[in-house]
Amino acid sequence: MSSQTFFKLFPPPKFLDMPYAGLDISDDAIHCLEYSHTFHGLSIHRYGMKELPSGVIVGGEIEDKKILSEIITSLVKELKIYSVKVSLPEEKIYLFKTDVPNASEEEIRQNVEFKLEENVPISPAESIFFFDLIPNSLSASVSVAPRELVMSYLEVLKSAGLTVVSFEAQPRAITRSLISHGSTETQIIVHIMNQKTGIYVICGEVVCFTSTVVLGKETLLSNSKTFIEELKKHLVQVLSYWVLHGQGTKISHIIFSGYASLTNSLVEHCSPDIPVEIGKVWQNAFSHENYIPPISYEDSLDYAVAIGLAMPTT
């Protein structure tokens, strides 16, 4: 099975129109969401979350498959879901940018595969990759996951009775919910989780840089000063890196997600002189003029990855 095909694991024939949920698995929690189609567009059909005990997943690596499978099975039974698109942890994904030919998708895929060995520390045989073409250029952003990592997640999900439609890196999924369709700006997403924070540079709608800070909501609540100082320092470093490697593109603003983003004055204090905002996680799914979601605004910020995963793709 080719690497590109593997990342879209047996997608169902379009005529079957098989429903699927977005399943976001992080170190500390699992969030799941599934849409249904209505006259006014998408609406939320099912959703739910389960917290994970400490040590079940560490740094994106599954340490206790049995416990993880039991928790996912419990959530699956509650929500009655069968097919899922699943997130993979950012810190285990290698990301690089490369020039590509003006050719067919298959020729580009072959070109990218040829360049894997010179850009990531794992062999093509041990890796699984996908790529996004960067608009208005002959370049691609390539994400590479260790095959062993993907297989470990697949094993757990199958044991929980799920069919996996595809895997997707967390930054790519969250981009689909937090970046408005058709955007041409370069923006930073800051996604705060319990024990870590993801920082992602998005060019248009393509993930071009990622970084993980090992500080999250727990640190913010116990020592907000340390969290703010460290996060701001990392944002300044990312901005400095982008000045050198962004090929003239400027960061227009920073988007925060995660429930912890609403902590008093956090967003304002972390901003390195760039406009900031709290993410609008539903903007690509529906209009609040036509539909009011059952998930509170505060809680929806923790569903940002699952919201993107569940989004229909063409």
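Just give me the residues in segment 79-115 being in contact (Cβ under 8 Å) with a residue 60 or more places away in the chain and within 25 Å of V58 (Cβ to Cβ), in sequence order.
The answer is V84, K85, V86, S87, L88, P89, E90, E91, I93, L95.
So is G55 modelled with pLDDT of 95 or more and assigned to a strand (DSSP E or B) or not? Steps first, please.
Details: modelled with pLDDT of 95 or more: yes; assigned to a strand (DSSP E or B): no.
No: the conditions fail for G55.
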(message) Quick test for you: out of V84, V112, V142, pick the one residue that is surrounded by 13 or more Cβ atoms within 10 Å (Cβ to Cβ), among the β-branched types (V, I, T) and in a helix (DSSP H, G or I).
(response) V112
(message) It is to be established whether one or more residues within segment 216-234 are over 30 Å from L138 (Cα atoms) and within 17 Å of the chain's Cα centre (by Cα).
(response) yes
(message) Step by step: first the residues of segment 187-198, then only those that are touching a helix residue (DSSP H, G or I) at 6+ places or on another chain (Cβ under 8 Å) and part of a strand (DSSP E or B), then the one that is farthest from F96 (Cα to Cα). Which residue is that?
(response) I192
(message) Can you say whether S159 is among the hydroxyl-bearing types (S, T, Y) and closer than 24 Å to Y297 by Cα, as far as the supplied structure shows?
(response) no
(message) Please go through (1) farther than 26 Å from Y303 by Cα; (2) among the β-branched types (V, I, T); (3) under 22 Å from the mean Cα position of the chain (by Cα) for V100 and return the number of the only condition it doesn't satisfy.
(response) (3)
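Can K65 be described as of a type outside the set (S, T, Y), on the phi < 0 side of the Ramachandran plot and surrounded by fewer than 16 Cβ atoms within 10 Å (Cβ to Cβ)?
Working: of a type outside the set (S, T, Y): yes; on the phi < 0 side of the Ramachandran plot: yes; surrounded by fewer than 16 Cβ atoms within 10 Å (Cβ to Cβ): yes.
The answer is yes for K65.
Name the single residue, out of those in segment 269-296 being among the hydroxyl-bearing types (S, T, Y) and surrounded by 14 or more Cβ atoms within 10 Å (Cβ to Cβ), that is nearest to the chain's Cα centre (by Cα). Give the steps one after another, and end with the answer.
We begin by selecting, within segment 269-296, every residue among the hydroxyl-bearing types (S, T, Y); these are 271, 287, 291, 296.
From the residues that got through so far, the ones that are surrounded by 14 or more Cβ atoms within 10 Å (Cβ to Cβ) too are 271, 291.
Values: S271: 22, Y291: 25 Å.
Per the stated criteria, the residue is S271.
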(message) Against the conditions (1) of a type outside the set (F, W, Y); (2) exposed (fewer than 14 other Cβ atoms within 10 Å of the Cβ); (3) free of Cβ contacts under 8 Å to residues at least 24 places away in the same chain; (4) assigned to a loop (DSSP other than H, G, I, E, B), where does E118 fall short? Just the number, please.
(response) (4)
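Among the residues in segment 221-228, are any crowded, with 21+ Cβ neighbours inside 10 Å and either out of contact with any Leu (no Cβ under 8 Å at 6 or more places or on another chain) or touching a residue at least 40 places away in the same chain (Cβ under 8 Å) (or both)?
Initially, segment 221-228 is screened for residues crowded, with 21+ Cβ neighbours inside 10 Å, giving 227.
Imposing the further condition that a residue be either out of contact with any Leu (no Cβ under 8 Å at 6 or more places or on another chain) or touching a residue at least 40 places away in the same chain (Cβ under 8 Å) (or both) reduces the set to none.
No, segment 221-228 contains no residue that is crowded, with 21+ Cβ neighbours inside 10 Å and either out of contact with any Leu (no Cβ under 8 Å at 6 or more places or on another chain) or touching a residue at least 40 places away in the same chain (Cβ under 8 Å) (or both).
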(request) Among the residues of segment 158-174, write down those that are in contact with a helix residue (DSSP H, G or I) (Cβ under 7 Å, 6 or more places away or on another chain) and either part of a strand (DSSP E or B) or buried (at least 21 other Cβ atoms within 10 Å of the Cβ) (or both). (result) L162, V164, F167, E168, A169, Q170, P171, A173, I174
(request) Given the conditions (1) within 19 Å of the chain's Cα centre (by Cα); (2) assigned to a loop (DSSP other than H, G, I, E, B); (3) not aromatic (F, W, Y), report the number of the one that V201 does not fulfil. (result) (2)
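Test of understanding: among K66, K50, K77, which residue is of a type in the set (K, R) and not in a helix (DSSP H, G or I)? Step through it out loud before you land on a result.
Working: K66 fails: not in a helix (DSSP H, G or I); K77 fails: not in a helix (DSSP H, G or I).
None of the other options fit; the residue is K50.
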(request) Enumerate the pairs (first residue in segment 299-312 and acidic (D, E); second residue anywhere and part of a helix (DSSP H, G or I)) with beta-carbon separation below 9 Å, excluding pairs fewer than 6 apart on the same chain, so at least 6 apart or on different chains. (result) D299/Y259; D302/Y259; D302/A260
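Which one of these is surrounded by 20 or more Cβ atoms within 10 Å (Cβ to Cβ) and either modelled with pLDDT of 95 or more or within 25 Å of T197 (Cβ to Cβ) (or both): E70, E78, E90? Walk me through it before giving the result.
On the way: E70 fails: surrounded by 20 or more Cβ atoms within 10 Å (Cβ to Cβ); E78 fails: surrounded by 20 or more Cβ atoms within 10 Å (Cβ to Cβ).
After applying the criteria, what remains is E90.
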(request) State yes or no: is G182 more than 16 Å from the chain's Cα centre (by Cα), in a loop (DSSP other than H, G, I, E, B) and closer than 19 Å to N284 by Cα? (result) yes
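Take the conditions farther than 28 Å from F96 by Cα and touching an Asp or Glu at 6+ places or on another chain (Cβ under 9 Å) and apply them to L262. Does it pass?
Values: farther than 28 Å from F96 by Cα: yes; touching an Asp or Glu at 6+ places or on another chain (Cβ under 9 Å): yes.
When the stated conditions are applied, L262 passes them.
The values are calculated or read from the model by the stated rules, or taken from the named source; none is laboratory data. Owing to the predicted nature of the structure, the values given are computational and were not obtained by experimental measurement. A quick note on method: Cβ atoms are made from the backbone with ideal geometry, for glycine too, and the neighbour counts reach across all protein chains shown.
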